[in-house]
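Report on one structure; see the data block that follows.
The values are calculated or read from the model by the stated rules, or taken from the named source; none is laboratory data. Small disclaimer: the values here were computed from a predicted structure and weren't measured. Quick reminder, even Gly has a Cβ in these numbers, built from the backbone with ideal geometry, and neighbours come from all protein chains shown.
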Amino acid sequence: MTSSRRLSPLGAGAAVLAVLGLPFLARSARPGPAPSKPAADTRANAPETLIVMTPSNEAVRYELGRAFVAYMGRRGRKVEVDWRAVGGTAEIGRYLTAQYEASFRRYWTGALGHRWSAAVAGAFARPAAPGATGEAAEARRAFLASNVGCGADLLFGGGSPEGVRHANAGRLVDAGVVTRHPELFGGDEPGAIPPQLAGEPLWDREGRWVGVCLSSFGICFNRDGLARLALFRPPTAWEALAAPRYQGELALADPTKSGSVATSFEMIIQSQMSRALADAPPGADPATRSAFARREGWARAMRLIRRIGANARYFTDAAAKIPLDVSTGDAAAGMCIDYYGRSQIEASAAAGHPERVGFASPVGETAYNADPVGLLRGAPHRELAVAFIEFLLSEEGQKLWDFRRGTPGGPDRYTLRRLPILPRLYDPALEEYRADADNPYEDAKSFEYRESWTEPLVGAMAFIIRAMCVEPETELADAYRALAEARFPPRATSLFDDLALVDYAAASGPIRAALNAPDPLEQAHWATRLTRHFLALYREVAALARQGL
Amino acid sequence: MASGGRRSAVSAAVVFVGGVLALFLVWPLAEAVRGALVDPRGRLTIAYVAAVLDNPVYVTGFEHALAIAVATTLVSVVIGTGLATVLAGYDFPGKRWLRGLVPLPLMLPPFVGAIGIRQLFGREGVWNAFLGALHLLPGGQRVDWLRDGRFAVVVALTALHLFPVVYLNVQAALTRRDADLEDAARGLGCHGLGLFWKITLPSILPGLFAAASIVLIWSFTELGVPLMCDYTRVTSVQIFSGLKDIGRNPFVYALVVIVLAATTALYGTIRMVLGRVGTTGRAGRSPRPYMPRRPSPMAAAAMTVAVTAVVGVAALPNIAVVLLAFARDWYGTILPSGLTIEHFRAAVGHDLVVTSIGNSLRYVTLSTGADLAVGTVIAWLAVRARAPGARVVDALAMLPLAVPGLVMAFGYFAIAREGRPLAFLNPVKNPTALLVIAYTIRRLPFVIRSASAGFAQVSVTLEEAAASVGAGRLATFARITLPLITPQLLAGGVLAFALSMLEVSDSLVLAQRQATYPITKTVYELFQLLGEGRQMAAALGVWAMLFLVTVVWFVTAALRGRLDGVFRGDVNDDSR
């Protein structure tokens, strides 16, 4: 064997070095601004550090971090942002829960000298009942009066339900921004941010979190996929997605994985309840009409969600997967966060195919959700954290959300395509700089949200959707296919629409109670009971439909 | 006296590795799954596990996972053993290059591999475009390959991803088998499959056991492929989904406990079925190295075609990722429509990349070194020393294959929190120590199984001979045993290195600050960029592939002469 056929260590070593050198080469060849410096700085005038927990992506982190450093630099301060990314919203939630429990346990057993117990662990991060006494209530009071922390300053992003959840747990505290800025949070002040938009909170009245931008769920679709299914009009309402032609073609988001997704399902229920109110007995008193609307609207919404769910390819936790699968043609349509949809359209256009992907916002059926920023309890750099919140709410910070890249005051590398929360950013004079023409404050006027009708049931709704659509997905899809093929025979269809175990009374009664029970076993038993029920139901529907009954 | 000294050394080693596993495997695992076995009042309970077993969806998920594991293992063993037998047993045109390409399927970050597979088999993917061009899809219809017939697709894709594990282990075993035995058998008229079944197979059983146990457990808990095929009624996907719940999920940790128990049972079963793992080499002398044979030109050509076909099909995701990284657009066509280097330049030149490459190299070099050290000790204890408790340690060390990455990652967080004895490892300040530990523990099974196979195959009489002429235990190990098991250690070490380089879950959760990101977290971050993320991730995947291939090349070249051809071109040449 000749030596030329042998592997040369020198050649192989050179190849390794060449591969390692590629990133340096690519970096030096990259057009645009010089790369930012790494976070570490050991010089004497080391910058002040702000620590932010966030599920936001690199584009958001880059643009906001860069602009905040410049903003503070003009005020004579050298700062850096230390972004802490432990994954998505679910991972951040678990991380904060674990960190605060560990910190409070040290404080409770160390500084306060108490004994740690399961009751204390279960109570300190839960709102106590008014007038509650005993160890659990004392633990809650001690936590709210404490300065225990998790090592980070701010929680940023994840949707307003996350802001509400962590504020209620006591992990977020008042940053003082709401009281210090009546021009922004003054209610009726012109240009102020309203406390709610179509029922969705935009900021916390106790100042523990404030929204900084808005997003909503809509429908993204692939025009080739629609053509393949002989659907020539894009879906513009949720009801359109119930058509049996979408079998196996819908990419849906899982309401048990994200509060924002749950909110968008809640909007479907709200809109069906509003319609049911119009059908309520005209002569009845308001309480009877309201009860009718809730009961009948809930049933209509659940039937609609079940039919949409029967067409699902999947219910995912990864919101970014949906527009991607729609753009690659794997799904014909999907339930999509607005800026994900817009960014995907932009990417298709950049690849020379602006017509491939589209996005529609179901008017009157979707909520605008605020992305929150909140000060974490025990924040090590409180003053800098407050400055960051104020920066986000300033016109300078707000322009970054939807101004096109390279416009005056806009981002320098990524167009973020998210809707700013400051109403004055929707001034027609700024339209030429903005990437999107949407005005959520106008769009939301078409929708009336009745909080008491659905808000207490959001958890039960997500739980039911999981048991009704997600767990038995194969049997559900099979039943719906059989129904469609048999042209919806009456007996099978009536059985399919049966909601006996999950009607409004069950959802607001025993199911809700099981979800709030201290022992998770009650929830587990309900889950199993519902799953068994729906598996049997769908099998029976399919059998009946195939007999044409 | 000597025997007493040996016993105490063995006991010390058992205590050491047992301690390491207790601290960095059992403890974090117990922290993570405590919720499955303790009720809200703090009492032990099996009610949650019972609740899982009562739910038909989870029972079916478990059955599906088991079926996927068995089928995948069978397919992987057939492909991997077949390839290894042909590549180690015969010389044929192109063998050298084909051999180098076999490990490629393992060299892609999991989610990047998924991007490639979707590009191939998605509705507007390459395969449908190809069938469309042949007018085999009427009316512009598109077959949904990844969803229809999900079971077969999941098994095929997982087996094509994992067969290199079988190949590497069997190949290492084949290069160490005794040629005299086969020659003797041939002399007695035993040829072909009979020879393989009666002579070759028994001699490579330790290597096959090593690989089959890893593939079985890996495919039983495989998440990426079923998730990609939207196959939700599989235990791993159900656990992943439960972990992502924003509310409490009473089932998820009980499911993890069930998977752990099932894994241990599976490992025990395969150990019984393949048996004789503990047996050491039979010959009382150094085996005569095996030399590849030269088949007839027709047979050689057939081998080239067959091996190219298998390696080519298995490398399709890699090829798709490379093309996608440079594609301007690739939708509904067989090949990309237009090429560009913009994605590659933007991804590889991204600010995060340089730092994360340095970080990954640091973490992975340390963890692979630790894997080789600890793994060799555990294998030695189990196979050579037959120490009391060594079997338990050996079985315990296989558990990381069964534990979902996210579960372990949060377990590590729990043990390194402020106020805990290991708070000095807190990853928020500096995740290096904890990431190295996490990578080490997660990839330990690969080194242990390879090293065990090595010990099982090397004749103990060689070590006894060295001892009889006065060599100490360390000298015997360093000069006799280690050189003989180096091919197996290299096989396990390369797998551990590559898979640690591509580890996702621990990397995502434990490395929180940008300055500490390993490369996989950077790939994930770029993947999250809206619009262009898919191609940015593909571009970085290409870089990772290039890096791993050149590292394997370098290691192989640098260690040439000390190996019997685990990865390199020609066994015959260097064994002389």
query = Is it the case that region B:356-379 has a residue that's within 24 Å of A:Gly149 (Cα to Cα), within 11 Å of another protein chain (Cβ to nearest Cβ) and either more than 23 Å from the chain's Cα centre (by Cα) or surrounded by fewer than 20 Cβ atoms within 10 Å (Cβ to Cβ) (or both)?
reply = no
inquiry  = For the structure I just gave you, tell me whether B:Gln119 is out of contact with any Cys (no Cβ under 7 Å at 6 or more places or on another chain), within 11 Å of chain A (Cβ to nearest Cβ) and touching a residue at least 60 places away in the same chain (Cβ under 8 Å).
reply    = yes
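One line per residue, one yes/no per condition, for (1) modelled with pLDDT of 80 or more; (2) in contact with a Pro (Cβ under 7 Å, 6 or more places away or on another chain); (3) among the polar types (S, T, N, Q):
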residue: B:Ala471; (1), (2), (3): no, no, no
residue: B:Leu474; (1), (2), (3): no, no, no
residue: B:Thr481; (1), (2), (3): yes, no, yes
residue: B:Thr486; (1), (2), (3): yes, no, yes
residue: B:Gly492; (1), (2), (3): yes, no, no
residue: B:Phe497; (1), (2), (3): yes, no, no
residue: B:Leu502; (1), (2), (3): yes, yes, no
residue: B:Val509; (1), (2), (3): no, no, no
task = Scan region B:385-402 residue by residue and report those that are assigned to a loop (DSSP other than H, G, I, E, B), in contact with a Leu (Cβ under 7 Å, 6 or more places away or on another chain) and under 19 Å from B:Ala210 (Cα atoms).
result = B:Ala397, B:Ala402
inquiry  = What's the number of the only condition in (1) out of contact with any helix residue (DSSP H, G or I) (no Cβ under 9 Å at 6 or more places or on another chain); (2) of a type outside the set (A, V, I, L, M); (3) crowded, with 20+ Cβ neighbours inside 10 Å that B:Gly187 fails to meet?
reply    = (3)
query = Any idea which of A:Arg356, A:Arg382, A:Arg342 is in contact with a Ser or Thr (Cβ under 6 Å, 6 or more places away or on another chain), in contact (Cβ under 8 Å) with a residue 60 or more places away in the chain and farther than 24 Å from A:Ala192 by Cβ?
reply = A:Arg356
key: Those residues of region B:303-357 which are of a type in the set (Lys, Arg) and part of a helix (DSSP H, G or I), in sequence order   = B:Arg345
ask   = Right, B:Thr486: polar (S, T, N, Q), away from chain A (no Cβ under 14 Å) and either without any contact (Cβ under 8 Å) to a residue 60 or more places away in the chain or surrounded by fewer than 22 Cβ atoms within 10 Å (Cβ to Cβ) (or both) or not?
value = yes
message = I want to confirm something. Restricting to region B:121-143 and keeping residues that are surrounded by 21 or more Cβ atoms within 10 Å (Cβ to Cβ) and in a helix (DSSP H, G or I), which single residue is farthest from the chain's Cα centre (by Cα)?
response = B:Asn128
ask   = In the set A:Pro440, A:Pro428, A:Pro372, A:Pro420, which member is more than 22 Å from A:Ile305 (Cβ to Cβ) and touching a Cys at 6+ places or on another chain (Cβ under 7 Å)?
value = A:Pro420
task = For region B:62-74, state whether one or more residues are within 14 Å of another protein chain (Cβ to nearest Cβ), modelled with pLDDT of 90 or more and in a helix (DSSP H, G or I).
result = yes
query = Do you know which residues across region B:403-443 are in a helix (DSSP H, G or I) and either more than 27 Å from the chain's Cα centre (by Cα) or free of Cβ contacts under 8 Å to residues at least 24 places away in the same chain (or both)?
reply = B:Ala423, B:Phe424, B:Leu425, B:Ala433
ask   = Is it true that some residue in region A:237-245 is buried (at least 24 other Cβ atoms within 10 Å of the Cβ), of a type outside the set (Asp, Glu) and within 14 Å of chain B (Cβ to nearest Cβ)?
value = no
message = Which of the numbered conditions does A:Ser117 fail, given that it passes all the others? Conditions: (1) within 10 Å of another protein chain (Cβ to nearest Cβ); (2) closer than 26 Å to B:Val509 by Cβ; (3) not hydrophobic (A, V, I, L, M, F, W, C).
response = (2)
key: Breaking point among (1) under 21 Å from the mean Cα position of the chain (by Cα); (2) surrounded by 23 or more Cβ atoms within 10 Å (Cβ to Cβ), for B:Val383   = (1)
inquiry  = I'd like to check something: does region B:350-366 contain any residue that is among the charged types (D, E, K, R), without any contact (Cβ under 8 Å) to a residue 60 or more places away in the chain, on the phi < 0 side of the Ramachandran plot and in contact with a helix residue (DSSP H, G or I) (Cβ under 9 Å, 6 or more places away or on another chain)?
reply    = yes
remark   = In region B:335-355, anything closer than 30 Å to B:Ala129 by Cβ and over 29 Å from the mean Cα position of the chain (by Cα) is listed as B:Leu335, B:Pro336, B:Ser337, B:Gly338, B:Leu339, B:Thr340, B:Ile341, B:Glu342, B:His343, B:Arg345, B:Ala346
ask   = Restricting attention to region B:58-73, which residues are surrounded by 21 or more Cβ atoms within 10 Å (Cβ to Cβ) and over 13 Å from B:Ser236 (Cα atoms)?
value = B:Thr72, B:Thr73
request  = State yes or no: is B:Pro400 within 26 Å of A:Ser103 (Cβ to Cβ) and buried (at least 21 other Cβ atoms within 10 Å of the Cβ)?
outcome  = no
ask   = Looking at this structure, is B:Val77 away from chain A (no Cβ under 14 Å) and either closer than 30 Å to B:Val153 by Cβ or assigned to a strand (DSSP E or B) (or both)?
value = yes
inquiry  = When the residues of region A:350-379 are narrowed to those that are at pLDDT 90 or above and within 12 Å of chain B (Cβ to nearest Cβ), which ends up farthest from A:Phe143 (Cα to Cα)?
reply    = A:Arg356
key: Candidates A:Ala536, A:Ala527, A:Ala507 - the one that is without any contact (Cβ under 8 Å) to a residue 12 or more places away in the chain and either surrounded by fewer than 18 Cβ atoms within 10 Å (Cβ to Cβ) or part of a helix (DSSP H, G or I) (or both)   = A:Ala536
query = Limited to region A:495-538, what total is found for residues that are basic (Lys, Arg) and either at the interface with chain B (Cβ under 10 Å from one of its Cβ atoms) or on the phi > 0 side of the Ramachandran plot (or both)?
reply = 2
message = So B:Phe92 passes all but one of these: (1) farther than 27 Å from B:Met408 by Cα; (2) more than 12 Å from chain A (Cβ to nearest Cβ); (3) part of a helix (DSSP H, G or I). Which condition number does it fail?
response = (3)
ask   = With (1) within 10 Å of chain B (Cβ to nearest Cβ); (2) among the small types (Gly, Ala, Ser); (3) touching a residue at least 24 places away in the same chain (Cβ under 8 Å); (4) out of contact with any Phe, Trp or Tyr (no Cβ under 8 Å at 6 or more places or on another chain) as the list, and A:Ala347 as the residue in question, which single condition is left unmet?
value = (3)
note = Expected single match for under 26 Å from A:Gln270 (Cβ atoms) and either without any contact (Cβ under 8 Å) to a residue 12 or more places away in the chain or among the hydrophobic types (A, V, I, L, M, F, W, C) (or both) among A:Leu483, A:Leu501 is A:Leu501
